[in-house]
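Structure first, then comments.
Readers should treat all values here as calculations from the given coordinates under stated rules, not as data from a laboratory. On a predicted model such as this, the values are computed, not experimentally measured, just so you know. Here the Cβ positions follow ideal geometry from the backbone for every residue, glycine too, while neighbour counts run over all protein chains shown.
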Amino acid sequence: MNEIVELIRRRACLAESRDAERVAHAVLRTLSERISPEAAASLAVQLPPGLADDLRPGGGSGERYELEDFVERIARRADLTDPEALHRAGVVLDVLGRETVQVADEVWDVLPEPLRHLVGVQAA
């Protein structure tokens, strides 16, 4: 987990690793509410156990909501403002996309369209 968290910390310009870890957990927990159990499992096996665990509890509810709701949930979980949550969520998703061997299309397909563009992911 340390390598991914360190990349998030540096890319988000955070002083403390615990801040990067907190936002990574918030993003993954929020993502777990939107993706199927299969997509959660595909991503979880590529993550360190401390982060992978965030995909398992709610993994698969497939709940749909817009960017504002996605950001608000992350902001609430990580104790951030909405602009901070939006920026840091983009960083986390970009780092995960670069550091995982294969991110299932279903993971990216459930992201609100504006967030996909924010992290440079093309709509499928």
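Figure the gain on full extension for residue 76 and residue 6 (residue separation times 0.36 nm, minus the Cα-Cα span) and round it to one decimal in nm.
23.0 nm
By its C-alpha gyration tensor, with a ≥ b ≥ c as the square roots of the eigenvalues, how is the range 1-94 shaped: rounded for a/c under 1.5, else prolate for a/b larger than b/c, else oblate?
It is oblate, given that a/c is not under 1.5 and a/b is not larger than b/c.
What is the calculated FRET efficiency for residue 53 to residue 113, with r their C-beta to C-beta distance and R₀ = 22 Å, to the nearest 0.05?
Efficiency computed from Cβ-Cβ geometry: 0.20.
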